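S.K.: I have a structure here, written as structure tokens, and I will follow up with some questions on it.
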Amino acid sequence: RLVVPPGQGTRDHPPALAALRDRLLRAVVSCFKRHGAAPIDTPVLELRETLMGKYGEDTKLIYELQDQGGELLALRYDLTVPFARYLAMNKITNMKRYHVAKVYRRDNPAMTRGRYREFYQCDFDIAGQFDPMIPDAECLKIVHEILSDLQLGDFVIKVNDRRILNGVFDVCGVPESKFIAACSTVDKLDKVPWEEVRSEMVGEKGLSPEAADRIGEYVQLHGGLDLIEQLLQDPKLSQNKLAKEGLGDMKLLFEYLTLFGITGKISFDLSLARGLDYYTGVIFEAVLLQQENEHVEELVGVGSVAGGGRYDGLVGMFDPKGRKVPCVGVSIGIERIFSILEQRLKASGEKLRTTETQVLVATPQKHLLAARLKLISELWDAGIKAEMLYRKDPKLLKQLQYCEDTGIPLAAIVGEQELADGVVKLRDVSTREEVRM
């Protein structure tokens, strides 16, 4: 019989890659913990109706499960909607949480770019009523810390606000019913040129060519505090209530980011839209920058590695009384980062240790299995990571070779002489130095 791999867009992780992912997740989680987040977990299944209508055009990517138990279920698409459902269900109005788990999308997989149908997400969220932009600034600081810590190279964190974007659409003459459609089109600007975005707006989304051109004047702008000031003076935008609120908060956000000392990597970018329906305020996305080659100084984005924003209305959608809990959060694109690290590992040819064994218990002569079993048991009970070969009488060379192959740094050797003297010979595998103790 033919043994087939698992479904399309999924993959097995051999020990070296599983160990690499483990290291990566530990680095991310330690940052979340440093910022005072508590872990939660939710089921991989949600009611279908919980997920529907929350993801804009991407709702079609939700994995629906065939109805067997009388309930219409689906696999979770992200960790944000389950979090909002959890808050509403348990009437929680204040929480800082992180969640690391797999999510499922019926997408066309592009495995090389880290796009799968089953993949991990790492989320950090702050729920509760607080003063504006303080939790939002912390989310951006977290992205900055994680990307700096992982040493992935240069990056930029693009920031925008849904209210500014909706204000722009409004003053450009887009009817409110088309805001969300216009949003998901603008969101493609990082992948395709403005001409294509413009023709989609006019051709598919039914905007007038004049409105599209006016939008084009705004969404191609990016900068920092100077741009915020410039837009606050803009005769049309400054008259728009939504845009004015958004720009006021954006100015506040930049003040806090200046205090955190990270504005060098932040860009206020009016083309950033993020396709999800549930964002209500600040939105952000981190992009890795890559020099295409040595001769060109032009920096090119290699795809988003983190994203998030404020979603003040989502919890209210699940509350029978519509009570709102303001939330802001960030999701680290662990798969994208993982595929970059994986390619680097391949290119370097470096061997990654897949186990954490500290010592191999070895014997140089025959008939000493009992001595090995007694010693290894003592080591395990003392919390020491130890292994031995599953042979009654292995050759010493073979045991030491095993240490070399798997990267075990020490061998504890007990021979007849050591047993008689009541000592153990400890051998440093790389330097071959030995001490009796």
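S.K.: Only one of Arg344, Arg353, Arg336 is among the basic types (Lys, Arg), assigned by the TED database to the domain that holds Arg97, open to solvent by 40 Å² or more (accessible area, probe 1.4 Å) and touching a Ser or Thr at 6+ places or on another chain (Cβ under 8 Å). Can you tell me which?
M.R.: The conditions single out Arg336.
S.K.: Right, something else. Among the residues of region 63-87, write down those that are part of a loop (DSSP other than H, G, I, E, B) and of a type outside the set (Gly, Ala, Ser).
M.R.: Once the filter is applied, which keeps residues that are part of a loop (DSSP other than H, G, I, E, B) and of a type outside the set (Gly, Ala, Ser), region 63-87 yields Tyr63, Gln66, Asp67, Gln68, Glu71, Leu72, Arg76, Tyr77, Asp78, Leu79.
S.K.: Look through Asp12, Asp41 and report the one residue that is open to solvent by 60 Å² or more (accessible area, probe 1.4 Å) and in contact (Cβ under 8 Å) with a residue 60 or more places away in the chain.
M.R.: Only one candidate passes the filter, namely Asp41.
S.K.: Now, a different point. Name the single residue that is least open to solvent (accessible area, probe 1.4 Å) among those in region 226-240 being touching a residue at least 40 places away in the same chain (Cβ under 8 Å) and over 16 Å from Ser271 (Cβ atoms).
M.R.: Only one residue tops the list, namely Asn240.
S.K.: With the condition kept exactly as written, say whether any residue in region 30-49 is closer than 30 Å to Leu352 by Cα, in the same structural domain as Ala273 (by the TED database) and in contact with a Cys (Cβ under 6 Å, 6 or more places away or on another chain).
M.R.: no
S.K.: So, one more: Restricting to region 295-313, count the residues that are out of contact with any strand residue (DSSP E or B) (no Cβ under 6 Å at 6 or more places or on another chain) and modelled with pLDDT under 95.
M.R.: Just the residues of region 295-313 that are out of contact with any strand residue (DSSP E or B) (no Cβ under 6 Å at 6 or more places or on another chain), to begin with: 295-298, 303, 312-313.
If we keep only those that are modelled with pLDDT under 95 as well, we get 295-298, 303, 313.
Residues in region 295-313 being out of contact with any strand residue (DSSP E or B) (no Cβ under 6 Å at 6 or more places or on another chain) and modelled with pLDDT under 95: 6 in total.
Residue by residue, here is whether (1) of a type in the set (Lys, Arg); (2) out of contact with any Pro (no Cβ under 8 Å at 6 or more places or on another chain) holds:
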site: Thr363; (1), (2): no, no
site: Arg372; (1), (2): yes, yes
site: Lys395; (1), (2): yes, yes
site: Glu418; (1), (2): no, yes
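S.K.: Moving to a separate point now. Scan region 73-93 residue by residue and report those that are under 14 Å from Met52 (Cβ atoms) and open to solvent by 10 Å² or more (accessible area, probe 1.4 Å).
M.R.: Leu73, Leu75, Arg76, Arg85
S.K.: Can you say whether Lys54 is of a type outside the set (S, T, N, Q) and under 22 Å from Ile332 (Cβ atoms), as far as the supplied structure shows?
M.R.: So Lys54 passes the test.
S.K.: Look at region 158-174 and say how many of its residues are buried (at least 22 other Cβ atoms within 10 Å of the Cβ) and within 18 Å of Phe284 (Cα to Cα).
M.R.: Result for region 158-174: 10.
S.K.: Taking the criterion of being touching a Ser or Thr at 6+ places or on another chain (Cβ under 7 Å), within 30 Å of Leu140 (Cβ to Cβ) and of a type in the set (A, V, I, L, M), would at least one residue in region 376-399 satisfy it?
M.R.: Looking through region 376-399, none of the residues is touching a Ser or Thr at 6+ places or on another chain (Cβ under 7 Å), within 30 Å of Leu140 (Cβ to Cβ) and of a type in the set (A, V, I, L, M).
S.K.: Among the residues of region 235-275 satisfying the criterion of being in a loop (DSSP other than H, G, I, E, B) and closer than 22 Å to Lys141 by Cα, which is modelled with the lowest pLDDT? Talk me through it step by step, then tell me what you get.
M.R.: Residues of region 235-275 in a loop (DSSP other than H, G, I, E, B): 235-236, 240, 261-262, 270-275.
Subset that is closer than 22 Å to Lys141 by Cα: 261-262, 270-274.
Working: Gly261: 97, Ile262: 97, Leu270: 93, Ser271: 90, Leu272: 92, Ala273: 86, Arg274: 82.
Here the answer is Arg274.
S.K.: Filter region 185-225 for residues that are polar (S, T, N, Q) and open to solvent by less than 20 Å² (accessible area, probe 1.4 Å) and give the result.
M.R.: Thr185
S.K.: Then there's this: Considering only region 339-437, give the strands (runs of 3 or more DSSP E) lying wholly within it that have at least 2 residues that are of a type outside the set (Lys, Arg) and touching a residue at least 40 places away in the same chain (Cβ under 8 Å).
M.R.: Of the strands (runs of 3 or more DSSP E) lying wholly inside region 339-437, those with at least 2 residues that are of a type outside the set (Lys, Arg) and touching a residue at least 40 places away in the same chain (Cβ under 8 Å) span 359-362, 410-413.
S.K.: Now for a different question. Going by the structure shown, is Gly316 farther than 16 Å from Gln121 by Cβ, outside any helix (DSSP H, G or I) and of a type in the set (Gly, Ala, Ser)?
M.R.: On the way: farther than 16 Å from Gln121 by Cβ: yes; outside any helix (DSSP H, G or I): no; of a type in the set (Gly, Ala, Ser): yes.
In short, no.
S.K.: Please give the number of the condition Glu245 fails out of (1) crowded, with 21+ Cβ neighbours inside 10 Å; (2) out of contact with any strand residue (DSSP E or B) (no Cβ under 8 Å at 6 or more places or on another chain).
M.R.: (1)
S.K.: Answer yes if at least one residue in region 209-219 is under 27 Å from the mean Cα position of the chain (by Cα) and either in the same structural domain as Asp249 (by the TED database) or at pLDDT below 90 (or both), and no otherwise.
M.R.: Scanning region 209-219 turns up at least one residue that is under 27 Å from the mean Cα position of the chain (by Cα) and either in the same structural domain as Asp249 (by the TED database) or at pLDDT below 90 (or both).
S.K.: Take the residues in region 360-394 that are surrounded by 14 or more Cβ atoms within 10 Å (Cβ to Cβ) and of a type in the set (D, E, K, R); name whichever of them is farthest from the chain's Cα centre (by Cα).
M.R.: That would be Arg372.
The values are calculated or read from the model by the stated rules, or taken from the named source; none is laboratory data. The structure displayed is predicted, hence computed values, not measured ones. Cβ: placed from backbone, ideal geometry, glycine included. Neighbour counts: every protein chain shown. Please note that ligands, DNA and RNA were not included when accessible areas were found on the heavy atoms of the full protein model with its side chains. Shrake-Rupley method; radii C 1.70, N 1.55, O 1.52, S 1.80 Å.
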